[in-house]
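A.B. asks: One structure follows; several queries about it will come next.
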Amino acid sequence: MSNKIGIAAIIVSLASLCCSVICLVSAGNAKNTLPAGPSEPAAASEESGVSQYVMYVGTNDKDTYKLEITKEEAKEIVDEVCLRLFPYGYTLQEATGAWTDEMNNVTHEYTLVCYFDDADIGTIHKAADELIERLNQNSVLIEESRINVDYYSGSKE
């Protein structure tokens, strides 16, 4: 069982890394964007080394291993919690996760992936606590990375 959990963790980490790269590339190509954090917009490359948290929120009920609400309802719950706790912004992506339970049954799960730049871990945990309760989860996966951000607004020639 622990080998399967370890393999699942590696797969989730690799998927997260890919998503982070896509987000960073997309952010670098964005025009006229506002910062996601509470700080004022910084000059190019002035703000660096901020924490980015990625939270993977499964939606299958922990007791039935099935989606007991619609995907849209799950997305609305996550959106409401995140917008209330992170009013400066976040990114939400839809994904599909899979895992093998203790009975060797494979379960596929609609998963919502939330990205938070320059947030604090206390607020991340507050969001996770609320989502665990409201979506009847055992846990959510939270990963932290140090990233450089640049809210590029175009050349000022």
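A.B. asks: Consider only pairs whose beta carbons are under 6 Å apart and that are at least six residues apart or on different chains; among these, list those whose first residue lies in region 89-110 and is under 15 Å from Leu141 (Cα atoms) and whose second residue is among the β-branched types (Val, Ile, Thr) and assigned to a strand (DSSP E or B).
C.D. replies: Gln93/Val113; Ala95/Thr111; Ala95/Val113; Gly97/Thr111; Trp99/Thr107
A.B. asks: Restricting attention to region 97-133, which residues are of a type in the set (A, V, I, L, M, F, W, C), within 15 Å of Asp63 (Cα to Cα) and at pLDDT 95 or above?
C.D. replies: Ile132, the sole residue that qualifies.
A.B. asks: Of all the residues that make up region 120-157, how many are under 17 Å from the mean Cα position of the chain (by Cα), basic (Lys, Arg) and part of a loop (DSSP other than H, G, I, E, B)?
C.D. replies: Final tally of qualifying residues: 0.
A.B. asks: If you don't mind, there's one more thing I want to ask. Based on this model, can you work out whether Asp129 counts as charged (D, E, K, R) and surrounded by 18 or more Cβ atoms within 10 Å (Cβ to Cβ)? Outline the logic, then answer.
C.D. replies: On the way: charged (D, E, K, R): yes; surrounded by 18 or more Cβ atoms within 10 Å (Cβ to Cβ): no.
The answer is no for Asp129.
A.B. asks: For region 74-88, enumerate the residues that are assigned to a helix (DSSP H, G or I) and either in contact (Cβ under 8 Å) with a residue 12 or more places away in the chain or under 18 Å from Asp120 (Cα atoms) (or both).
C.D. replies: Residues satisfying the conditions are Ala74, Lys75, Ile77, Val78, Asp79, Val81, Cys82, Leu83, Arg84, Leu85.
A.B. asks: Which one is nearest to Asp117 (Cα to Cα), of the residues in region 132-144 that are of a type in the set (S, T, N, Q) and surrounded by 14 or more Cβ atoms within 10 Å (Cβ to Cβ)?
C.D. replies: Ranking the candidates gives Gln137 first.
A.B. asks: Scan region 50-66 and report the pairs whose first residue is in a strand (DSSP E or B) and whose second residue is of a type in the set (Lys, Arg), with Cβ atoms within less than 7 Å and a gap of 6+ or a chain change.
C.D. replies: If the second residue must be of a type in the set (Lys, Arg), the pairs left are Ser51/Arg146.
The values are calculated or read from the model by the stated rules, or taken from the named source; none is laboratory data. Remember, predicted model here, so these are calculated numbers, not experimental data. Cβ atoms come from the backbone with ideal geometry, glycine included; neighbour counts cover every protein chain shown.
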